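Below is one structure, written out as structure tokens; the observations come after it.
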Amino acid sequence: MTHVIVHAGFHKTGTTSLQNFLHENRTALSPFFDYYGQRQFLNAGAAARRYAQRPFPHRLYLFRRAFRKFLSGTPGKDVIVLSRESFSGGMPGHRMLGGRMITSYHRAAVKLARVIISELRRRFGRDVQITFVYTTRNRADWIRSVHGHLLRSIRLTDDLDTFTARFPAQTGPREEAQRMVRTLAPIPVTVAALEDYANAPHGTADAILDLALVPQQARHGLVSAPHVNRGPSAALRAAFLELNRQPMSKPDRKARKERLLAGGDPCP
């Protein structure tokens, strides 16, 4: 029986480091599972994100079609690991149709998960074993990380307090993951918090290795992936915010941000 482990989210919870670890160790881990990450999903990851931002039925169909095409080229294996944070939808803080800010994954994440489940059963048979994994993070740290990312990547004009106030009180990635546990039952869902894996040899990737039954002796010598996508400094955050609040063209703003990141434009 094929076991498919779907790491479906969330953004800014160490997902890139986890994916880099699995990519760098793909050969060493190949006796235990086949790994597919961002580079292998063709258009499926982008289609999932676009559906979350414009949740029309035809966009969900486009995700289904792209995911089905990806699976058609996937050989059978006892264990398969898929990892793409956009399988939960778009990063909160981005805008939906009509300008409303995305502040929760749940609605899009459920629809996308159900498509993933149905397509995995279509490809591997009704008896395929499926496990979803959601990595999470302390709410305050997560919102701060999302805010810093968006200050750099889009024209976000909220300061951190204003941005935080837009999110449901006392609700963060861990609570959203627990909602997925309840919603997807009886499909098993594993929740792996960054804080709980702080001292684990391979971080939250150990949750994937555990589910794939990778023996401890096989984990020795695996290449550690460096932490990536660290948030901008306080000074850069302030500079990005000031740039976002100034009237200028999108290309000019992007160029100024790139110079700031390169250390060559200290004053917006």
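The values are calculated or read from the model by the stated rules, or taken from the named source; none is laboratory data. Worth saying up front: this structure is predicted, and the values here are computed from it rather than measured. FYI the Cβ positions are ideal-geometry reconstructions off the backbone, even for glycines, and counts take in every protein chain you see. Protein only, heavy atoms only, side chains kept; ligands, DNA and RNA dropped before computing areas. Shrake-Rupley method; radii C 1.70, N 1.55, O 1.52, S 1.80 Å.
Go through Val6, Phe21, Gln53 and say which Cα lies farthest out towards the positive end of the charge dipole of the stretch 1-60; charges sit on Cβ, +1 for Lys and Arg, -1 for Asp and Glu. Of the candidates, Gln53 comes out farthest on the positive side. This model, with +1 at the C-beta of Lys and Arg and -1 at the C-beta of Asp and Glu, gives the stretch 147-268 a dipole about its Cα centre of some 520 debye. Here the 3J(HN,Hα) profile of the stretch 67-77, calculated from phi with Karplus coefficients 6.51, -1.76 and 1.60 at θ = phi - 60°, is 5, 4, 4, 4, 5, 5, x, 9, x, x, 7 Hz, Gly and Pro shown as x. Taking the Cα centre of the stretch 180-246 as reference, the dipole from Cβ charges on Lys and Arg (+1) and Asp and Glu (-1) amounts to some 220 debye. By DSSP, the beta bridges lying fully in the chain are antiparallel in about 5 percent of cases.
Amide H contacts for His94 (H built 1.01 Å from N in the peptide plane; partners 5 or more residues away or on another chain; cut-off under 5 Å): Ile102. Ranking Ile154, Ala165, Ile187 by how far each Cα lies toward the positive end of the dipole of the chain (charges on Cβ) leaves Ile154 at the top.
Remark: relative contact order (the stretch 74-185) = 28 percent; criterion is Cα-Cα distance under 8 angstrom and separation of 6 or more residues. Averaged per residue, the stretch 118-268 has 55 square angstrom of accessible surface, using a 1.4 angstrom probe with ligands and nucleic acids left out. In this calculation the C-beta distance from Thr157 to Val110 is compared with R0 = 30 Å, giving a FRET efficiency of 0.45. 3J(HN,Hα) along the stretch 16-25, derived from phi through the Karplus expression 6.51 cos²θ - 1.76 cosθ + 1.60 where θ = phi - 60°, amounts to 5, 5, 4, 5, 5, 4, 5, 5, 5, 9 Hz, with x in place of Gly and Pro.
Here mean projected area of the Cα convex hull in nm² was calculated from the structure, and among (i) 15.1; (ii) 21.9; (iii) 13.7 it sits at label (i). Based on the Cβ-Cβ distance of Ala238 and Glu24, what FRET efficiency does E = 1/(1 + (r/R0)^6) give at R0 = 30 Å, to the nearest 0.05? Step by step, r from the Cβ atoms, then E = 0.30. Of the trypsin sites (Lys or Arg not before Pro) found in the stretch 157-203, those in coil by DSSP whose Cβ has at most 14 other Cβ atoms within 10 Å are Arg166. Ordered from largest to smallest accessible area (heavy atoms of protein chains, 1.4 Å probe), the residues Thr162, Thr27 come out as Thr27, Thr162.
Between Ser249 and Gln38, the FRET efficiency from the beta-carbon distance, with R0 = 30 Å, is close to 0.50.
Measuring nothing but protein heavy atoms, the accessible surface of the chain at 1.4 Å probe radius is 51 percent carbon and sulfur.
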